[in-house]
1. Restricting attention to the range 65-88, which residues are touching a strand residue (DSSP E or B) at 6+ places or on another chain (Cβ under 9 Å), under 16 Å from VAL34 (Cα atoms) and not aliphatic (A, V, I, L, M)?
2. Select from the range 28-48 the residues that are of a type in the set (A, V, I, L, M), buried (at least 19 other Cβ atoms within 10 Å of the Cβ) and not in a strand (DSSP E or B) and list them in ascending order.
3. Quick one: in the range 10-21, which of the residues that are touching a helix residue (DSSP H, G or I) at 6+ places or on another chain (Cβ under 8 Å) and under 18 Å from LEU91 (Cβ atoms) is surrounded by the most Cβ atoms within 10 Å (Cβ to Cβ)?
4. Here is a check on your reading of the model: is GLU51 surrounded by fewer than 13 Cβ atoms within 10 Å (Cβ to Cβ) and at pLDDT 95 or above?
5. What do you reckon, is ALA24 at pLDDT 95 or above and in contact with a Lys or Arg (Cβ under 9 Å, 6 or more places away or on another chain)?
Amino acid sequence: MVENIIWPAYLDADRSRSDGRRVAESLAVESPTVDEIAKAVQQVGYDAIIERDQAYPRRPWAADGRVLVQGADDASKSDLVQAVAAYVQALRE
């Protein structure tokens, strides 16, 4: 089973695309947390595992954590990240 990984950097409005953001600025949020991402993953319908001690490869000094998404073999990573970003944004409203 392949697990998708979603790093907070993928959804961070303070990052550029070249610095790791994977969603449009209109979907990005400031300082997303692994807890928000995990809740959003569950809302999309997949299981989420939080790994808090992991650091995004482009920022090895900052252990912001990551979320492993299980059961999303049928979804493309891009679609998954877009859907999670939309739910994180909705959680903050």
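1. Within the range 65-88, GLY65, ARG66, GLN70 qualify.
2. Those that are of a type in the set (A, V, I, L, M), buried (at least 19 other Cβ atoms within 10 Å of the Cβ) and not in a strand (DSSP E or B): ALA28, VAL34, ILE37, ALA38, ALA40, VAL41.
3. LEU11
4. Answer is yes for this residue.
5. No: the conditions fail for ALA24.
The values are calculated or read from the model by the stated rules, or taken from the named source; none is laboratory data. Everything quoted here is computed from the prediction, not taken from an experiment. For neighbour counting, all protein chains shown are included, and Cβ atoms are generated from backbone atoms with ideal geometry for every residue, glycine included.
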